[in-house]
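Asks: I have a structure here, written as structure tokens, and I will follow up with some questions on it.
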Amino acid sequence: MEYCESETAAAESEQHLIAAAYHIVKALGASKTLNNDMKRILTDLDVQLSKMTAVQENEADRTREMENKLKFAQRKIMSFQSRSLKIWDLGPGEDYGYLKAVDEVRRLAEILQNMPSNQTRKVKQLLDEAENILHKAMARLQEELVHILSKNMQPLEHEFVLLESCQVASLEEESTVPNEDESFEILSQRGRRGPDCEQYVVDLVHPRAIPLIKCIAELMFASNYDKEFCQSFISFWKQALDDYLINLHVKQLSIDDVLKMDWKRLTYRIRIWCRATRRIVGFYLASQKRLFDKILGEFGSTSSSCYIETSKASVSCLLNFGQAVLICPPRPERLFCLLDMYETLSKFLPDLGDLFAEEAGSLVEIEFHELLKRLGNSAKEIFLEFGNHVASNTSTIPFTSGSITHLTRYVMNYIMLLVEYGDTLNSLLEEQNLENTDQFSQAEVSQIINLNNTSPMAHSLKSVTSVLEANLDTKSDLYGDESLKHIFMMNNIHYMVQKIENSQLRWYFGDEWIRRHVWKFRQHETCYERITWSSILSQLKDDGSKGKAMLKDKCRKFNTAFEEVYKSQTAWKIPDAQLREELRISTSQKVIHAYRPFASRLAKCCISDKYIKYTEDDLGNYIWDLFEGSPKSLNHAKRR
């Protein structure tokens, strides 16, 4: 429409000019003389006509020159585009030759656009041809860009080596916090992540290709095809990042998918998430941002906007999974995975701030900050509620053989694993304590914080073990046998002491706690010996009676009582070998020490072997059968 209007205006102008010239010629024919004014006007007209003729001739020459240049560049461009191979694959120098030809067309189009006579038909025709050639060349450059990126992507071999550690955590190996020592050791070795990786960057694309990619970017931006370049660039790296997530075993999961998972599978997914977050934030995104800045850094905010557009979907995938996990019920066994997520995110959150520093990416950082806060709150909630979870574990049936309960093993193994998160938990609990002290003065706050110089975690751990002791004491009342009650308490408190004394828990509980609880289980040991053996050994005391009948009766009562103890207490269990041996030695010494003078009195009174069933060695050997958890009975035959 504009072109038609300009053609009409030009035609009208020419008609006016012809009419004016006709009038001048007609006037000159009618006039016999020329005055000075007429001469001056005609002279000026002659000069103007000469100039116009020269300009038209120059412009025609220039137009022909540009037409020749355009045809030459077109032939060169089409010679490249007619080949089946990509220009990158044609060999060194060919790619830059193509770019030079395309840039020549771009330059010619720009000149044609700015020519004063750009409304003439010929110039318009050349301009249209140049823009058409440029459009085809830009489409080809988009293809070449993707091809060059594909051919020059650096293999992430070191990353796939690191990935092996991720695959070790198979579903078959996953478990909750175990009850037994052996499975706890397995968990403690695999449950924590490998060495943290600091943020580092590598070349995602071979350095030799960077200059060419930059040239393509500069040419397309100069040709006003910046959107097309960014579209291809973003699309390629979006797919690359998606592929990397797949290699890390990350899946797009909805909230319903997460909520429907059993705990073993969810634990596996959480560990995948932690490793993927470390790889994506600590390695891949940093490397990608550096690449984008190298290629697009000269074009203002384009680099940042392309980077954010490329990474936001994958980052949202990580974010959404973390948010979905928080919806799951806050069970005790989930604390460790939540702490892993919290530590992973807190370590790399500053890096996220650097990677998404611009206003367009600030929302990503804000959402991850909120996720970190919620993870911390959820972890605190589970940890602080753990004592209530322990207290609620009740029973109406005494634990078999007076051994260590599953709850004791569970609690001690649970808090042993918590030590690995000591700094994190202390930090979270300190925040909790400070929030709870808003109503106190500064001096009171300082006194609360420094009370007994105890860390918040140490205070909480001691509180948990106190609840466990109270629970055990309640369960010990289920035993009808007072001796077994003390064996039960001795076993469990000894187990607690051993776990704390031989681990980093010692730094949280302190030597005073250990000494106090060693005294406690030793007291139960003493009570057991007193209740079990005092009445039996009283039969062996020399009360001054010397009649054979009295001695025979004492001997018979001792034998019967000893056999009853043997029958019942061989079924009792002391799992710790050293504790079991110590109690056997202590008991054996007491029994033999009391039995030896009694046996002498029997010999002096000539009591027959019919009544003396056991020698001192027999008693010692039989006592050594106690506390194995395997019931036995004596057959009234002396051991030889």
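Every read-out reported here was derived from the displayed coordinates using simple, explicitly stated rules and does not represent laboratory data. Owing to the predicted nature of the structure, the values given are computational and were not obtained by experimental measurement. Every residue, glycine as well, gets a Cβ built from its backbone with ideal geometry; the counts of neighbours run over all protein chains shown.
Asks: At 7 Å along Cα-to-Cβ for each site, give me the label-to-label distance between S534 and N68 in nm.
Replies: Once both label points are built, they end up 12.6 nm from each other.
Asks: If you take the square roots of the eigenvalues of the alpha-carbon gyration tensor of the stretch 532-625 and sort them as a ≥ b ≥ c, do you get rounded (a/c under 1.5), prolate (a/b over b/c) or oblate?
Replies: It comes out prolate by the Cα gyration axes.
Asks: Of K69/K289; K485/K552; K557/K590, which pairs sit farther than 29 Å apart, going by alpha carbon to alpha carbon?
Replies: Exceeds cut-off: K69/K289; K485/K552.
Asks: Quick one: if you stick a label point 7 Å off each Cα along the C-beta vector at V201 and R515, how many nm between them?
Replies: Reported label-point gap for V201 and R515 is 5.8 nm.
Asks: Rounded, prolate or oblate: pick one for the stretch 548-595, where a ≥ b ≥ c are the square roots of the eigenvalues of its C-alpha gyration tensor, a/c under 1.5 means rounded, and failing that, prolate if a/b is larger than b/c, else oblate.
Replies: Verdict is oblate for the stretch 548-595.
Asks: So if R0 is 35 Å, what FRET efficiency would L478 and E581 give, r being the distance between their Cβ atoms, rounded to the nearest 0.05?
Replies: Once rounded, the FRET efficiency stands at 0.80.
Asks: Further, regarding this structure: With label points built 7 Å along Cα→Cβ from the Cα atoms of K567 and L363, find their separation and express it in nm.
Replies: A separation of 7.9 nm, rounded to one decimal place.
Asks: Additional query: For a Förster distance of 22 Å, can you work out the FRET efficiency between the beta-carbons of S235 and W263, rounded to the nearest 0.05?
Replies: On the way: r = 39 Å, r/R0 = 1.75.
With R0 = 22 Å, the Cβ-Cβ based efficiency is 0.05.
Asks: Starting from the Cα-Cα distance between K610 and K100, subtract it from 0.36 nm times their residue separation and give me the gain in nm to one decimal.
Replies: Value of the extension gain: 171.7 nm.
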